[in-house]
1. Could you figure out which of (1) surrounded by 17 or more Cβ atoms within 10 Å (Cβ to Cβ); (2) in contact with a strand residue (DSSP E or B) (Cβ under 8 Å, 6 or more places away or on another chain); (3) part of a helix (DSSP H, G or I) isn't true of residue 121?
2. Can you tell me which of 215, 254, 222 is in contact with a helix residue (DSSP H, G or I) (Cβ under 8 Å, 6 or more places away or on another chain) and modelled with pLDDT of 95 or more?
3. Please go through region 7-26 and pick out each residue that is in contact (Cβ under 8 Å) with a residue 24 or more places away in the chain and assigned to a loop (DSSP other than H, G, I, E, B).
4. Hey, can you tell me all the residues within region 27-45 that are assigned to a loop (DSSP other than H, G, I, E, B) and either crowded, with 20+ Cβ neighbours inside 10 Å or without any contact (Cβ under 8 Å) to a residue 24 or more places away in the chain (or both)?
5. So which of 253, 237, 222, 196 ends up being surrounded by fewer than 19 Cβ atoms within 10 Å (Cβ to Cβ), within 26 Å of residue 170 (Cα to Cα) and either touching a strand residue (DSSP E or B) at 6+ places or on another chain (Cβ under 6 Å) or in contact (Cβ under 8 Å) with a residue 24 or more places away in the chain (or both)?
6. Would region 73-87 turn up any residue that is modelled with pLDDT of 95 or more, closer than 24 Å to residue 136 by Cβ and not in a loop (DSSP other than H, G, I, E, B)?
7. Run down 161, 140 and say which single residue is assigned to a helix (DSSP H, G or I) and more than 12 Å from residue 268 (Cβ to Cβ).
8. Looking at residue 195, is it at pLDDT 95 or above, under 27 Å from residue 113 (Cβ atoms), in contact with a helix residue (DSSP H, G or I) (Cβ under 7 Å, 6 or more places away or on another chain) and not in a helix (DSSP H, G or I)?
């Protein structure tokens, strides 16, 4: 193995993946938009490269001397990376961070279309690809920090929405196994990923409250009221797309995937474990 390119190297999954690969003796080139953040987050031994996932030329330069890569999808749904990958002579294997949304290409939602299109473009690049399809990340709970520090009320549209939140570290662990494994074993595989247990909004609030020692409860609000409130810090179309995703999974509850255990040999981390490890983020 020569070098692994990790895109989004300072992000929720990427920074854990960089460290795990380095600890295993793999050379890592870490792509990030923010050089200052890279300097404070990336561990010693990583080769930082500043670049944008939408810049095919920069990606082409970053892929020189690289035989494997981990890529997350940007706003262009991976178009620039797929173009650069198709021209990268040494690239033998890509691990793509997609999403469970890609399993239903017929659902008309921009957040679903991004992953459907991203998978299509990577397949069309001709580079053998492994597709990681996680559900919702545990890090979504950080959106509830203001409620934990404020009035203790989380306002949601679908309180019974039940998903098995996944710890980003588990995604990094699976990606590391695939990147370090034989290409023939992993190329073309689609890996659904989830946490170990379905939790609805009330379950999440209870676990956070018990772990951080602050009261927290869920209150249902009308869709339009939630969109208006969310639009104060999100583009309105994005807020409406989020509501659409939550409605979809409320009506079609996702299952629990055992892939983390199958690939890594250990159970997926629980949501309670994630909250415990990030307790300070809730308390400030």
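1. Unmet condition: (2).
2. Working: 254 fails: modelled with pLDDT of 95 or more; 222 fails: in contact with a helix residue (DSSP H, G or I) (Cβ under 8 Å, 6 or more places away or on another chain).
Going through 215, 254, 222 in turn, just one is in contact with a helix residue (DSSP H, G or I) (Cβ under 8 Å, 6 or more places away or on another chain) and modelled with pLDDT of 95 or more: 215.
3. Step one: of region 7-26, the residues in contact (Cβ under 8 Å) with a residue 24 or more places away in the chain are 7-22, 24, 26.
7, 8, 9, 10, 11, 12, 13, 24, 26 - these are the residues of region 7-26 that are in contact (Cβ under 8 Å) with a residue 24 or more places away in the chain and assigned to a loop (DSSP other than H, G, I, E, B).
4. We begin by selecting, within region 27-45, every residue assigned to a loop (DSSP other than H, G, I, E, B); these are 33-34, 42-45.
33, 42, 44, 45, listed by residue number.
5. Working: 237 fails: within 26 Å of residue 170 (Cα to Cα); 222 fails: within 26 Å of residue 170 (Cα to Cα); 196 fails: surrounded by fewer than 19 Cβ atoms within 10 Å (Cβ to Cβ).
The match here is 253.
6. Yes.
7. Values: 161 fails: assigned to a helix (DSSP H, G or I).
Exactly one residue qualifies, and that residue is 140.
8. Working: at pLDDT 95 or above: yes; under 27 Å from residue 113 (Cβ atoms): yes; in contact with a helix residue (DSSP H, G or I) (Cβ under 7 Å, 6 or more places away or on another chain): yes; not in a helix (DSSP H, G or I): yes.
Yes; evaluated as a whole, the condition is true for this residue.
The values are calculated or read from the model by the stated rules, or taken from the named source; none is laboratory data. Computed from a predicted structure; not experimentally measured. Note that each Cβ is placed from the backbone with ideal geometry, even for glycine, and that neighbours are counted across all protein chains shown.
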